[in-house]
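Below is one structure, written out as structure tokens, with a few remarks after it.
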Amino acid sequence: MSVNLPNIKLKIGKYKAKRTGNKNVVRMDTAKEIIQSVGDNYAIVYVDFRKDVDFMVNCLKDVGIEDARVYHGKSPQKAKTKIDEDFYYKEFQVLVATES
């Protein structure tokens with residue numbers, strides 16, 4: 001599913017390791033897809049689990065997005081507020097978060 005508006009681009013994908021596949025390889029492939037989709041724009045990437053947030057940020061950094069930050073339920077409220085503010089003012093490019 002995709003939505004393309006001048007200021008919004010929505011891409012929804014389901015990324016799972018194949019039964020015989022390596023989860024880390026799938027995540028790196030996903031990170032490469034994200035970098036291609038994002039380009040010079042800004043993005044929020046949602047993942048299912050908190051441990052996946054940190055791992056995806058590291059994968060994004062490995063493929064060239066140095067400006068990726070973590071946001072999840074265990075983040076301190078003060079840090080969440082700062083991240084919200086920084087993302088709003090485009091201080092970094094990609095926010096990786098859990099749904100909650």
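Residue pairs whose Cβ atoms lie under 7 Å apart, sitting 6 or more positions apart in sequence or on different chains, and linking a residue in the stretch 74-93 that is within 17 Å of Val38 (Cβ to Cβ) to a partner that is at pLDDT below 90, are Lys90/Tyr42; Phe92/Asp67; Gln93/Val38; Gln93/Tyr42; Gln93/Ile65; Gln93/Asp67. Per this entry, Gly39 is not counted among residues that are more than 17 Å from Glu99 (Cβ to Cβ), touching a residue at least 12 places away in the same chain (Cβ under 8 Å) and more than 12 Å from the chain's Cα centre (by Cα). Just so you know, in the stretch 14-40 the residues that are loosely packed, with under 11 Cβ neighbours inside 10 Å and either within 19 Å of Gln93 (Cβ to Cβ) or among the hydroxyl-bearing types (Ser, Thr, Tyr) (or both) include one that is modelled with the lowest pLDDT, and it is Thr20. When the stretch 1-13 is limited to residues that are under 24 Å from Asp84 (Cα atoms), aliphatic (A, V, I, L, M) and in a loop (DSSP other than H, G, I, E, B), the one that is modelled with the highest pLDDT turns out to be Ile12.
If you check Ala97 against the conditions, is it under 14 Å from the mean Cα position of the chain (by Cα) and modelled with pLDDT of 90 or more? Yes; evaluated as a whole, the condition is true for this residue.
In the condition set (1) surrounded by 10 or more Cβ atoms within 10 Å (Cβ to Cβ); (2) at pLDDT below 70, Asp52 is compliant with all but (2).
Confirm whether Arg69 is surrounded by 14 or more Cβ atoms within 10 Å (Cβ to Cβ) and under 20 Å from Tyr88 (Cα atoms).
On the way: surrounded by 14 or more Cβ atoms within 10 Å (Cβ to Cβ): yes; under 20 Å from Tyr88 (Cα atoms): yes.
Yes: the conditions hold for Arg69.
The values are calculated or read from the model by the stated rules, or taken from the named source; none is laboratory data. Please read all numbers here as calculations on a predicted model, not as lab measurements. Methodologically, a virtual Cβ is constructed for each residue, glycine included, from the backbone with ideal geometry; neighbour enumeration extends over all protein chains shown.
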